[in-house]
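Enquirer: Just dropping this structure here.
The values are calculated or read from the model by the stated rules, or taken from the named source; none is laboratory data. Keep in mind it's a predicted model, so treat the numbers as computed, not measured. Methodologically, a virtual Cβ is constructed for each residue, glycine included, from the backbone with ideal geometry; neighbour enumeration extends over all protein chains shown. To get the accessible areas, we keep the full protein, side chains included, count just its heavy atoms, and leave off ligands, DNA and RNA. Shrake-Rupley method; radii C 1.70, N 1.55, O 1.52, S 1.80 Å.
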Amino acid sequence: MTKPTIVQSTSDPLADQPFEIVERKGLGHPDTICDAVMEQVAVELAQAYLKMCGRVLHFNADKGLLVAGQVDCRPGGGHVIAPMRLVMGDRATFEWRKKLVPVNEIAERVASTWFRRHLPHVDPLKHLMCQVELKPASAELQSVSERRGGPVANDTSAAVGYAPFTPTERLVFHVEQFLNSPSFKKAFPATGQDVKVLGVRTGGEVTLTVAMPLLASAIRTEAQYFVRKAEVLKALQSFVKKKVGPKLSVEVTLNALDRRGAGVEGMYLSLLGTSAEAGDSGEVGRGNRVCGVISLRRPASAEAAAGKNPVSHVGKIYSVLAQVLAEDIHKKVQGLHDVTVWITSQIGKPISSPQVVVVEVTLARGATVAVVRPQIQREVRLAFAHMKPFCKALIQGLYAIC
C-alpha cells in the first residue's frame with residue numbers, strides 16, 4: 001500500500017479551543033434505532049451467507065426509515081392508535097448456486113428481536129410493522145465479492161476518525177450511557193429509553209440539555225411528573241459532578257419544553273419509551289458517528305456505516321478502521337495530543353490498498369513529526385496487513401457502529 005502521509009495540525013487541540021457542540025442520541029432515539037437495527041441485519045445476513053455459501057455475498061442493508069406511529073398518551077397510560085413502520089431497504093443476494101437465502105425473514109426476525117430486547121415497553125407484534133424492501137443488486141456489484149484475490153472496494157469513498165475524546169465529548173457520551181444503564185432504569189423505572197444529550201461548551205462552561213421521556217403509565221398527575229423529574233435531575237446532576245474535571249463547570253437542563261400548569265402539553269410523556277411512537281421518525285445515517293457522538297467541530301465521514309457490507313463496502317470498513325486506527329495511534333505513540341485519520345478508497349481496488357491515508361497530529365511539547373512518523377507508519381501498515389481479521393470482527397458485530 002501507499003505510505004501514509006503524516007502532517008502536523010496547525011490548530012490547537014479542540015479541548016483548548018473556544019467552543020464545542022456535541023450531541024449523542026440514545027438507545028431509544030428513532031435515528032439510533034434505525035442504525036442499530038440495520039447494523040444487526042447486516043451482521044445476521046453476513047453470518048447467514050457464511051454458513052450457507054462459505055463467503056459473505058453482496059448486500060447492503062444501509063437504507064432504513066422508521067416512520068412514527070400514533071398514540072393516545074396521557075397521565076396514567078393510553079393506547080397505540082397506529083403502529084410504527086420500519087422500512088428496511090437496499091440490496092441483497094437472494095440466491096447463490098441454486099441456494100435460496102431467506103433475506104426477508106432474517107430482516108424481520110432481527111428487527112423484532114432488537115425491539116423486544118432493547119425497548120422493553122414496545123411489543124413488536126402489536127406496535128411495529130416491518131416493510132422489507134431489500135432487492136437484488138446489479139450483476140457488476142454482485143461480482144465484487146467473487147473476484148480473485150478477495151473483495152474489492154465497491155465504492156469510491158472517504159472516511160475519517162479521531163482520538164481522543166475531549167472532556168466535553170466524553171461527558172456527553174457518558175451521560176447518555178448513564179441514563180440508559182440497567183442500574184439507572186432500575187432506580188428510575190418511570191424513564192424511557194429515548195435519551196438525547198446536547199452539550200455546548202463556551203470556554204470552561206458547559207450547558208447540557210437532556211431530553212428523556214417519563215412513562216405515562218407511571219405518572220398519574222402533573223404534580224407527580226414534576227416530582228419524578230426533579231428526582232431524575234438530582235441524580236443526573238450528581239453523576240455529572242463526579243464526571244467533570246476541575247476545568248469545567250456544567251449546567252444541566254432536563255426536558256426544557258416542560259411547562260407547569262399546561263397539562264399534557266407541558267410534560268414529556270411517552271407510552272412506549274421512544275418518540276417514534278408518535279413524535280419523530282428516524283433514518284439511517286442521522287444518528288451518532290462511529291465514535292459514538294456527533295461532534296460538530298470534528299470532520300465527519302462521507303458515509304453512514306450502519307448496515308453496510310462488512311467485507312466490501314469501504315463506507316463501513318474504512319469508517320470503523322479510521323476510528324480504531326486513530327485511537328490506537330494516540331494510545332501507542334507518545335507525544336500526541338490529537339490524532340485524526342483520513343482514508344479514501346477507489347472503487348475496484350483491493351480493500352487492503354487504500355488510495356490515500358493521511359494522519360494529522362497535534363504534537364505535545366517537545367515532540368516532532370520526524371520522531372513520531374515511523375511509529376505512525378508502522379501502526380497504519382499493521383492495520384491494513386490485518387484487514388481480513390478486522391473484517392471478520394465486523395462480520396461478528398464486535399465493533400460498535402452507533
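Enquirer: If we count every other residue with Cβ under 12 angstrom of A46's Cβ, Lys/Arg +1 and Asp/Glu -1, where does the sum land?
Expert: In short, +3.
Enquirer: On to the next question. State the Kirkwood hydrodynamic radius of segment 1-120 in Å, one decimal place, computed from all pairs of distinct Cα atoms.
Expert: The Cα-based Kirkwood calculation yields 18.1 Å.
Enquirer: Another question, then. Summing Lys, Arg as +1 and Asp, Glu as -1, what charge do residues with Cβ under 13 Å from the Cβ of V358 carry, V358 excluded?
Expert: +1
Enquirer: Compute the FRET efficiency between T221 and D123 as 1/(1 + (r/R0)^6), taking r as their Cβ-Cβ distance and R0 = 22 Å, and round to the nearest 0.05.
Expert: Calculated transfer efficiency: 0.25.
Enquirer: Also, I was wondering about something else. What length, rounded to one decimal in nm, is gained on full extension from T207 through to A262, with 0.36 nm per residue of separation minus their alpha-carbon distance?
Expert: Gain on stretching T207 to A262: 17.2 nm.
Enquirer: If you don't mind, another one. I need the fraction of alpha carbon pairs in segment 340-401 separated by more than 14 Å, rounded to a whole percent.
Expert: 67
Enquirer: Taking only Cα atoms and a 10 Å spring cutoff, compute GNM fluctuations for the chain and point out the largest among N255, N309, N288.
Expert: Result for the chain, Cα springs under 10 Å: N255 fluctuates most.
Enquirer: Let me ask something else. In straight Cα distance, which lysines are under 23 Å from K332, not counting same-chain residues fewer than 8 positions off?
Expert: K3, K388
Enquirer: For the pairs K51/K196; K196/K349; K126/K234; K135/K392, note any where the Cα-Cα span goes beyond 29 Å.
Expert: Long pairs (Cα-Cα over 29 Å): K51/K196; K196/K349; K126/K234.
Enquirer: Shifting gears a bit: Probe radius 1.4 Å, ligands and nucleic acids ignored: give me the carbon and sulfur share of the accessible area of the chain as a rounded percent.
Expert: With neighbouring chains kept in place, the figure for the chain is 52 percent.
Enquirer: Given N residues in the chain, what is Rg(Cα) / (2.2 N^0.38 Å)?
Expert: This ratio for the chain stands at 1.06.
Enquirer: To the nearest 20 debye, what charge dipole does segment 300-402 have about its Cα centre, counting +1 at the Cβ of each Lys and Arg and -1 at the Cβ of each Asp and Glu?
Expert: Approximately 300 debye in magnitude.
Enquirer: Take the Cα radius of gyration of segment 168-244 and divide it by 2.2 N^0.38 Å, with N its residue count; two decimals is plenty.
Expert: Dividing the Cα Rg of segment 168-244 by 2.2 N^0.38 Å gives 1.13.
Enquirer: Could you pull out every residue, at least 5 positions away or on a different chain, whose amide H is within less than 5 Å of the one on L271? Hs are placed 1.01 Å off N in the peptide plane, and Pro or chain starts have none.
Expert: Sorted by chain and number, the residues that satisfy this are A216.
Enquirer: Mean-square fluctuation check for the chain, GNM, Cα pairs under 10 Å: which of E251, E283, E327 is largest?
Expert: E251
Enquirer: Continuing with the same structure: Name the residue, out of E360, E231, E169, whose mean-square fluctuation peaks in a Gaussian network model built on the chain with Cα pairs under 10 Å.
Expert: E231
Enquirer: Report the full-extension gain for the segment M52 to V371: residue separation times 0.36 nm, less the Cα-Cα distance, to one decimal in nm.
Expert: Gain on stretching M52 to V371: 109.9 nm.
Enquirer: Sticking with this one: Could you work out how far apart the two model spin labels at K234 and A302 are, taking each label as a point 7 Å from the Cα in the direction of the beta carbon, and quote it in nm?
Expert: 5.3
Enquirer: Would you work out the charge dipole size for segment 1-128 about its Cα centre, treating the Cβ of every Lys and Arg as +1 and the Cβ of every Asp and Glu as -1, and quote it to the nearest 20 debye?
Expert: Once rounded to the nearest 20, the dipole reads 760 debye.
Enquirer: Give me the extension gain from R378 to K349: residue separation times 0.36 nm, minus the current Cα-Cα distance, reported in nm with one decimal.
Expert: 8.2 nm
Enquirer: So, one more: If you take the beta carbon distance between K98 and E133 as r and set R0 to 22 Å, what does 1/(1 + (r/R0)^6) give as a FRET efficiency, to the nearest 0.05?
Expert: The computed FRET efficiency comes out at 0.35.
Enquirer: For Q334 and S9, what is the calculated FRET efficiency with R₀ set at 22 Å and r taken between the beta-carbons, to the nearest 0.05?
Expert: Computed FRET efficiency for Q334 and S9 comes out at 0.85.
Enquirer: What list of ³J(HN,Hα) values in whole Hz, one per residue of segment 306-316 in order, does the Karplus curve 6.51 cos²θ - 1.76 cosθ + 1.60 (θ = phi - 60°) give from phi, with Gly and Pro shown as x?
Expert: 4, x, 6, 5, x, 10, 9, 8, 5, x, 8
Enquirer: A further question on this structure: Pick out, from T156, A107, V37, the residue whose Cα sits farthest towards the positive end of the charge dipole of segment 30-174, with +1 on the Cβ of Lys and Arg and -1 on the Cβ of Asp and Glu.
Expert: The one lying farthest along the dipole's positive direction is A107.
Enquirer: On a straight-distance basis, which aspartates and glutamates could pair with K186 in a cross-link, Cα separation under 17 angstrom, same-chain partners fewer than 8 positions away excluded?
Expert: Qualifying aspartates and glutamates at Cα under 17 Å: E176, D194, E231.
Enquirer: Can I ask one more? Enumerate the calculated ³J(HN,Hα) couplings along segment 367-380 in order (Karplus 6.51 cos²θ - 1.76 cosθ + 1.60, θ = phi - 60°), each rounded to whole Hz, writing x wherever the residue is Gly or Pro.
Expert: 8, 9, 4, 4, 6, 7, 4, x, 5, 5, 4, 5, 5, 5
Enquirer: Need the C-alpha centroid separation for segment 153-212 versus segment 382-402, integer Å.
Expert: 24
Enquirer: State log₁₀ I(q)/I(0) for segment 243-402 at q = 0.11, 0.20, 0.21 Å⁻¹ as given by the Debye formula over alpha-carbon point scatterers of equal weight, solvent excluded.
Expert: Taken in order of the listed q values, log10 I(q)/I(0) reads -0.63, -1.31, -1.39.
Enquirer: Explain nothing, just the number: dipole magnitude of the chain about its Cα centre with +1 on each Lys and Arg Cβ and -1 on each Asp and Glu Cβ, in debye rounded to the nearest 20.
Expert: Approximately 1080 debye in magnitude.
Enquirer: Skip the ligands, DNA and RNA, and give the accessible area per residue of segment 10-134 with a 1.4 Å probe, whole Å².
Expert: 44
Enquirer: Related question: Could you state the accessible area per residue of segment 217-275 in Å², with a 1.4 Å probe and every protein chain left in place?
Expert: 59
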